[in-house]
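The structure under discussion appears below in the form of structure tokens.
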Amino acid sequence: MTEEIYPMPIFPTLIVKDVQASSNFYQNVLDFKNIFTMPGPDGQPSLVHLRWVKYADLLITRSRDGKELTEPKGVGVSLNFNLLEHFNGDMDAFAIYAREHGANVIGPVDQPWNVREVTVFDPDGYKLIFTMPINLNLAFDEVIERVQNEESK
């Protein structure tokens, strides 16, 4: 099956130590689809284009200068993905599956801003947050009120 190629309005590119290992992690542990793998001069993958859902694409690559980046990676940055149709929207099932496949997982945690979320750290330490709305019928004003009530505690 060929995946649709389209202009992406935004996409992150993560520099990783081992492109093949990271590609396997994103596909086998987190359920991303491989759109394209570009081999490097040594025949090993040098760039992999992955897709969570349409318009939620991610590129992983080696450092362009061949030097390893120092730790920690992505400090202060998290990539957020809505669980949507993955794992039938079941955050608990997703967390269990990711843990069973060796991922460093936190959660699920219910947040006052009306989402249930699971945090996963990839093999290079990048922080990925997967969310699902708790109550789709909750009005925005109610969400804001809940958040403000939590902050005042």
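Quick note: the coordinates plus some simple rules give every number you see, no bench work behind them. In this text, all values refer to a predicted model and were calculated from it rather than measured experimentally. Heads up, the Cβs are rebuilt from the backbone with ideal geometry, glycines too, and the neighbour counts pull from every protein chain shown.
Annotations
- For the chain, the antiparallel share of DSSP beta bridges with both residues in that region comes to about 75%.
- Listed by chain and number, the lysines whose C-alpha is less than 27 Å from the C-alpha of Lys67, apart from same-chain residues fewer than 8 away, are Lys17, Lys127.
- Order of Ile60, Ile35 under a 10 Å beta carbon neighbour criterion, fewest first: Ile35, Ile60
- Potential extension, Met8-Glu68 segment - 0.36 nm per residue separation minus Cα distance: 18.8 nm
- Neighbour-count ranking [beta-carbon atoms within 10 angstrom, fewest first] of Met38, Met91: Met38, Met91
- Placed amide H near Val115: partners under 5 Å, 5+ positions off or other chain: Ile134
- Calculated from backbone phi, Karplus (6.51, -1.76, 1.60) coupling profile of segment 39-47 in Hz, x at Gly/Pro: x, x, x, 8, x, 7, x, 10, 8
- For segment 28-38, 3J(HN,Hα) per residue [Karplus equation, 6.51 cos²θ - 1.76 cosθ + 1.60, θ = phi - 60°, Hz, x = Gly/Pro]: 8, 9, 10, 6, 6, 9, 7, 8, 7, 10, 9
- Neighbour net charge for Gln27 - beta-carbon separation under 15 angstrom, K R +1, D E -1: -3
- At full extension, Val77 and Asn135 could sit 18.2 nm farther apart than now, given 0.36 nm per residue minus the alpha carbon distance.
- Highest GNM mean-square fluctuation among Asn137, Asn24, Asn114, for the chain modelled with Cα contacts below 10 Å: Asn137.
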